[in-house]
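First up is the structure itself, then whatever we jot down about it.
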C-alpha cells in the first residue's frame, strides 16, 4: 500500500489551473516525495501537466491524449491509457509511476486560478454508468469527463490564428475572424465544429462565443 490519501474525484483539490514551469518547481521544491498537482499546459492550451515531487527533484510530465475508436484516452505512458484524468490519478495512487506513487495533492494556499473564467465555467456532468461510479457533479472543463450535450446551438468567432501540422488531418485551420458552428464540446479542451463547410476540431482557447445573430450576420456578409 502506498499510504495515499486523496479523492481523485475532488478536482479542485489537485487542479491548479494556470502556473508556469518555474512556479510549479518552486511550489514542490520543499515538499515530500509523492506530493503532486495538475496544471494547465503553457505550451499546448487545453492540455495538462502532472507536477510531481520525486525524492530529491521535481518532475513535470505532459498528460497526453489520443482518440482510440472515437473515445478520448489520456496517458503518461503510451502503453497505459485511461478514459479520464481522475481515473489516471486513481491508478497511480495505487501503483508506482517513475519512482513513487501519488500520495496527495499539495496544499492550496491560493484560490483556483483559471485561464479565462468566462470560458472555463464549471460544467455539470452526468453519472458515468460504464465506470461503475458517479462523476463529480461540477468540474472545470476537460480532464476527460463526459460533457453535457448542447441544449441549443453554439457559435464562436476565432480570436487566434492556428495552423495544424501537415500530418494533422482532423484539425481546422483557424484565421482571426473565422466563424464556426460548434457541434460538440469535447472534454479535452478541443471542440468540434463546422468552418466553411469543413468539420474538424479546434482548441476552445482560440475562440470567443458569439450569438446566433452575430454568426448569421457574419456568414451572410462573406
Worksheet item: How high is the FRET efficiency between residue 6 and residue 219 when r is their beta carbon distance and R₀ equals 45 Å, given to the nearest 0.05?
Response: 0.40
Worksheet item: Dividing the alpha-carbon radius of gyration of the range 154-220 by 2.2 N^0.38 Å (N being the number of residues), what value is obtained?
Response: 1.02
Worksheet item: Given a Förster distance of 41 angstrom, what is the FRET efficiency for residue 91 paired with residue 173, based on the Cβ-Cβ distance and rounded to 0.05?
Response: 0.65
Response to the item:
At q = 0.12, 0.13, 0.19 1/Å the base-10 log of I(q)/I(0) from the Debye formula over the alpha-carbon atoms of the range 11-115 is -0.38, -0.44, -0.96
Worksheet item: For the pair residue 165 and residue 33, what calculated FRET efficiency results from E = 1/(1 + (r/R0)^6), where r is the Cβ-Cβ distance and R0 = 45 Å, to the nearest 0.05?
Response: 0.75
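None of the figures in this text is laboratory data; all of them are computed from the coordinates on show. Every value quoted in this text rests on a predicted model; they were computed, and no experiment measured them. We place every Cβ from the backbone using ideal geometry, glycine too, and count neighbours over all the protein chains shown.
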